[in-house]
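A.B. asks: Structure provided below as structure tokens; questions to follow.
Every number in this text was worked out from the coordinates using simple rules, so none of it is lab data. What you are looking at is a predicted structure, and each value in this text was computed from that prediction instead of being measured. Here the Cβ positions follow ideal geometry from the backbone for every residue, glycine too, while neighbour counts run over all protein chains shown.
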Amino acid sequence: MSSRSEATNVAPSDAVLPRRVLKFGGTSVTGAARIDVIADVVRERMKECNPVVVVSAMSGVTEQLRRASELATRGEAGELLAEIERRHRDAVQEVACGRPEAVEGVEKVLREAARLIQGIELVRECSPRTLDQVLSLGERLSIQLVAWGLCERGLPARPVDSSAIIVTDDRHVEAEVDFPATEERALRLLAPDGTIPVVTGFLGATPTGDRTTLGKGGSDYSAAVLGWALRAEEVEIWTDVSGVMTADPRTVPDARPLRSLGFNELLELSHWGARVVHPKTVRPLRERGVPLSIRNTMAPSDPGTLVTPRSPKSNMGPVRGIASIDQVGLLQLNGVGHGSESVTGRFVHALDEAQCQILLLSQGCSERSVCVALPPRAVRPALRAIDKAFVLERRAGLMDDPSVEGDCSIVAVVGEGMKDMPGIAGKVFGVLGEHGISIRAIAQGSSELNISFVVRQKDVHEAVRILHRAFFGTDVQPRSAEDASDAAITAKELADHGPIDVVELATEMIAIPSLSGHEHAVCDFVMDLLTAKGWDVRTQPVNAGRVNVWATRKGGEVTLTTHLDTVPGFFPPRIDDGKLYGRGSCDAKGIAAAMICAAQRLADAGEERVDLLFVVGEEASSDGARVAAALPSTSRWMVNGEPTESGLVSASKGSLRCIIRVRGQEAHSAYPELGRSAVDAMVGLLSELRGLKLPTDPELGETTVNVGTIRGGSAANVFAGQCEVELMIRLVGDADEVKQAIAGLVGDRAELLWGSHIPPQRYQVVEGFKTTTVAYTSDVPILSTWGKPLMFGPGSIHHAHTSEEHVPVEELRGAVDAYEQIVRELLGS
Ligand code: ADP
Ligand code: ASP
Ligand code: MG
């Protein structure tokens, strides 16, 4: 039998596996930790199905691109473009470890970005068609990051630009999908082939190939369209919350996730502003009965919400959720004359013609008053349309000027069970009335799935909280550092107590969960404490309202710095056998507490040349450190805190990535004279590599090489056409020396692709401390502008990130003395 037919025999079993679409949103593709989660999910799914991955742009990038295109019309996009470039270049290093294909892929799109922005700057205008090209860049960058990030984690992924698959009309920025044409292309271009397509969300193209986008948040819709086209067994939307919740958790901190939901209910909730899923997502899935689940990349083991055609029975009562649209304009038409034609009809028709989306309509009796809620940008065009449509009535004085009320919001109460249950509306308006919230307009959906109404914008969050309490019986205090921590003591009380005890402070800080990306509460706590202690506390905005905390007194010569975020797996503080346990105890809240106590002690003794810098996001993308690095710093030394078992680090190894690729000649394996196996050649190369002499350093020891992955060959009876390995080299000196040695060994037998490089780092040490070296790399190179680096911290790196994370109490107390002494040595005080 020929090797060829043997090889194709493998395919059908792959092809019959069901398809499943996994969509990862902005926060889910930002940071290496998230890509690890994506890899885990994909790997798990591959056991039972053929997954297709759909991704959004990284958090906030679509908005940045929109803004850049606007600024470009004034010739002012340079800085923002540079920021977008920087974010993606950093991300390539972080999530795809500087893999050459990833770097190449990202750079190619970035070059296009620069050209597009340059073009707009030149002509000083940006048409919707051009805007779509600019907006497409975000997703096109993120498929490079995710696809190569998955390859980096051993999965056979490939980036796919959906403009070749999703066919749309030419309504730029809000294009409509041509379903039949898309189905044909999806079946063809996403046919199972043993790889995992990583597809751009949000993007399509017209039949003639002009790029289009599907509207804000449109990646969810892309996933649904592909789920429909591939008749997927399920579509999974992975985001930053554990499913659809009873309300937006940003407004109602104790909103609860719903385990199950009907398509109709999801449609209503998303239509009324629950942006967890784009409202258009539901229709295609409902049509082909494809279930939808919503899951959390920050908590992948949470069950999430399963959405199915029928609304499930719930024990939570008839109301499933409360949603709101924050910004709407309310437009009211009064005193319409008694014409025979329906005024409401003409009014709606006029708005429709002017393409003004009506979010809510309510009509008074005898058509003397009609009222609509519109998106703010539709108010002006609506007024023009009314002027035109009612020109005669206006002239005859039969109609007042339309009145407009800006700064309004819509609130909707949603649930399938409401239609069989009298009294819900009474309860809604009753409790709002009790709290003095005035209702501007009311509508009840004809489906009786929702009750919606308009309130003043200043009241909207309060209204949602009141209703949530009324229907879900929860207490709805806004989140604050104190209640998030369950802390027995507030920051202010701690500060007022006299000298701060490091163990007490660390305990309070550990009690406040602060997973990367969710550091608000602990940052607030630290800021309150330092403010109460007389520090000048400043925030450094990072993103999405997240901040680094910087505190100073007289301007620091020395900055003590570490991070306040932790890895997942929160567990509360406890002291056991002389050890303080809890998530973050060792990495790095114990360290932060020790730094605060040391700095305070120094300040109390009159040494005020110490600053404190606490960054966020170190465990994910180092976004906090990158922001800090871009800000002016005054310090001459920076003492960075990581667990070093209370040794001062004198040096740390660097790292270098490399891919070796060998090409062979495929042939039937029975005839060695006809072929040349790339795998065979690689095995030879690698054994020579083992014997290669690489630099050593008296302090850091040996250069080490890890062959992380090997890929190659197609079948046992075929000589391998290609073989590829990825190396991670731990450097003790100059990278060039290593590169030359490896290049010399490889010669022209293979291709060498060099990836990211972090040089070894030397640190200042001071008298009176034991010193140590570490083999891992850290954030220190990023923070290079904050002064000559030192590194020190209590606790062991081997306990960090584990479920037994702890720091010995005595060592923690000792760290306060140590930081104080280090500062005094540096300042000679
Ligand atoms: P992604 O980038 O993953 O698409 P989005 O920011 O678009 O994520 O959607 C997730 C966000 O939706 C949540 O962080 C949450 O603040 C918001 N949200 C609003 N209403 C709800 C709700 N009822 N349930 C869950 N999340 C909601
Ligand atoms: N990146 C696009 C947006 O923010 C699409 C998406 O995230 O769904 O609108
Ligand atoms: Mg979204």
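A.B. asks: What length, rounded to one decimal in nm, is gained on full extension from residue 191 through to residue 442, with 0.36 nm per residue of separation minus their alpha-carbon distance? Intermediate results must be reported in sequence, preceding the final value.
C.D. replies: Working: separation 251, 0.36 × 251 = 90.36 nm, distance 4.92 nm.
Between residue 191 and residue 442, full extension yields 85.4 nm more.
A.B. asks: For residue 124 and residue 158, calculate 0.36 nm times their separation in residues minus their Cα-Cα distance, and state this gained length in nm to one decimal.
C.D. replies: Numbers: separation 34, 0.36 × 34 = 12.24 nm, distance 3.64 nm.
Here the segment from residue 124 to residue 158 would lengthen by 8.6 nm.
A.B. asks: Next up: In the chain, with Lys and Arg counted as +1 and Asp and Glu as -1 at Cβ, which of these residues, 172, 157, 279, has the Cα nearest the positive end of the dipole, that is, farthest along it?
C.D. replies: Value: 172.
A.B. asks: Additional query: Seen from all sides and averaged, what is the projected area of the convex hull of the Cα atoms in segment 630-756, in nm²? Please report the intermediate quantities before stating the final value.
C.D. replies: Working: hull surface 46.5 nm².
Reported value for the Cα convex hull: 11.6 nm².
A.B. asks: Treating only the Cβ of Lys, Arg, Asp and Glu as charged (+1, +1, -1, -1), what charge dipole size does segment 100-208 show about its Cα centre? Round to the nearest 20 debye.
C.D. replies: Working: 11 positive and 18 negative charges, 54 e Å.
Charge dipole of segment 100-208: 260 debye, to the nearest 20.
A.B. asks: So if R0 is 35 Å, what FRET efficiency would residue 104 and residue 690 give, r being the distance between their Cβ atoms, rounded to the nearest 0.05?
C.D. replies: Numbers: r = 29 Å, r/R0 = 0.84.
Computed FRET efficiency for residue 104 and residue 690 comes out at 0.75.
A.B. asks: Also, quick follow-up: So what is the diffusion coefficient of the chain in µm² per second by Stokes-Einstein at 4 °C and 1.567 mPa s, using a Kirkwood Rh over Cα pairs? Intermediate results must be reported in sequence, preceding the final value.
C.D. replies: Numbers: Rh = 30.0 Å.
Translational diffusion coefficient: 43 µm²/s.
A.B. asks: If you bin every alpha carbon distance in segment 158-256 into 10 Å steps from zero, what whole percent lands in each bin?
C.D. replies: With a bin width of 10 Å, the distribution comes to 16, 42, 25, 14, 3.
A.B. asks: Could I ask something else about it? Over 29 Å between C-alpha atoms is what I'm after, so list which of 653/693; 47/216; 108/739; 108/216; 427/458; 23/653 land there. Walk me through the numbers before you get to the answer.
C.D. replies: Numbers: 653/693 17 Å; 47/216 33 Å; 108/739 25 Å; 108/216 25 Å; 427/458 22 Å; 23/653 37 Å.
As for pairs spanning more than 29 Å Cα to Cα, those are 47/216; 23/653.
A.B. asks: Something else now. For an R0 of 51 angstrom, estimate the FRET efficiency from the Cβ-Cβ distance between residue 355 and residue 767 and round to the nearest 0.05. Walk me through the numbers on the way to the answer.
C.D. replies: Details: r = 74 Å, r/R0 = 1.45.
Efficiency, from the Cβ-Cβ distance: 0.10.
A.B. asks: Relative to 2.2 N^0.38 Å, what does the C-alpha radius of gyration of segment 561-632 come to as a ratio? Two decimals please. Can you show the working numbers first?
C.D. replies: On the way: Rg = 14.4 Å, N = 72, 2.2 N^0.38 = 11.2 Å.
It is 1.29.
A.B. asks: For the chain, take the longest principal axis of its alpha carbons; what is the angle in degrees between that and the long axis of helix 32-46, to the nearest 10 within 0 to 90?
C.D. replies: Result, in degrees: 80.
A.B. asks: Rounded to the nearest whole Å³, what is the per residue volume of the convex hull around the Cα atoms of segment 366-442?
C.D. replies: Values: hull volume 11.5 nm³, N = 77.
Value for segment 366-442: 150 Å³ per residue.
A.B. asks: Could you tell me the relative contact order of segment 72-231? Use alpha-carbon pairs under 8 Å, at least six residues apart, and round to a whole percent. All intermediate terms of the calculation are to be shown ahead of the outcome.
C.D. replies: Working: 253 pairs, mean separation 34.8, N = 160.
Computed over segment 72-231, the figure is 22 percent.
A.B. asks: Kindly rank 276-289, 393-406 from highest to lowest mean number of other beta carbons found within 10 Å of each residue. Provide the component values of the computation, followed by the final result.
C.D. replies: On the way: 276-289: 19.9, 393-406: 13.9.
The packing order, highest mean first, is 276-289, 393-406.
A.B. asks: Which of 253, 238, 306 sits closest to the plus end of the dipole of segment 215-367, meaning its Cα is farthest towards the positive end, when Lys and Arg get +1 and Asp and Glu get -1 on the C-beta?
C.D. replies: Checking the options against the dipole of segment 215-367, the answer is 306.
A.B. asks: Follow-up. Can you list residues whose amide H is under 5 Å from residue 236's amide H, if they're 5+ apart or on another chain and H is modeled 1.01 Å from N?
C.D. replies: Residues meeting the criterion, in which the H sits 1.01 Å from N, are 21, 22, 23, 293.
A.B. asks: Sticking with this one: Under unit Cβ charges (Lys, Arg +1; Asp, Glu -1), what dipole magnitude, rounded to 20 debye, does segment 510-660 have relative to its Cα centre?
C.D. replies: Details: 15 positive and 18 negative charges, 49 e Å.
For this selection, approximately 240 debye.
A.B. asks: Also: Show me, bin by bin at 10 Å from 0, the whole-percent P(r) of segment 56-105 based on Cα pairs.
C.D. replies: For segment 56-105, the pair-distance distribution reads 25, 44, 26, 5.
A.B. asks: How high is the relative contact order of the chain, in percent, with contacts defined as C-alpha pairs under 8 Å that are six or more residues apart?
C.D. replies: Details: 1825 pairs, mean separation 80.0, N = 829.
Across the chain, relative contact order equals 10 percent.
A.B. asks: Loop-only trypsin sites (Lys or Arg not before Pro) in segment 635-723, please: DSSP not H, G, I, E or B, and at most 13 other Cβ atoms within 10 Å. Present the calculation step by step, with values, prior to reporting the outcome.
C.D. replies: Numbers: sites: 636, 653, 657, 661, 663, 676, 690, 693, 711; in loops: 636, 653, 693.
Qualifying residues, ordered by number: 693.
A.B. asks: Let me know the charge dipole size of the chain about its Cα centre in debye, to the nearest 20, where only the beta-carbon of Lys, Arg (+1) and Asp, Glu (-1) is charged.
C.D. replies: Working: 87 positive and 111 negative charges, 353 e Å.
Once rounded to the nearest 20, the dipole reads 1700 debye.
A.B. asks: May I ask which residue of 499, 784, 725 lies farthest towards the positive end of the charge dipole of the chain, with charges of +1 (Lys, Arg) and -1 (Asp, Glu) on Cβ and the Cα centre as origin?
C.D. replies: 725
A.B. asks: Over the residues of segment 215-335, compute the C-alpha Rg and express it relative to 2.2 N^0.38 Å.
C.D. replies: Scaled against compact globular proteins, the figure is 1.11.
A.B. asks: So what's segment 732-773 giving for Cα Rg divided by 2.2 N^0.38 Å, two decimals?
C.D. replies: Details: Rg = 16.5 Å, N = 42, 2.2 N^0.38 = 9.1 Å.
Here the answer is 1.81, to two decimals.
A.B. asks: Compute the FRET efficiency between residue 536 and residue 86 as 1/(1 + (r/R0)^6), taking r as their Cβ-Cβ distance and R0 = 22 Å, and round to the nearest 0.05.
C.D. replies: After rounding, the FRET efficiency stands at 0.15.
A.B. asks: Then there is this: How far, in nm, would the chain grow between residue 250 and residue 785 when pulled straight, counting 0.36 nm per residue and subtracting the alpha carbon separation?
C.D. replies: Working: separation 535, 0.36 × 535 = 192.60 nm, distance 3.51 nm.
So the extension gain works out to 189.1 nm.
A.B. asks: At what distance in nm do the modelled label points of residue 210 and residue 817 sit from each other, each positioned 7 Å from its Cα along Cα→Cβ?
C.D. replies: With each label placed 7 Å out from Cα toward Cβ, I get 7.5 nm.
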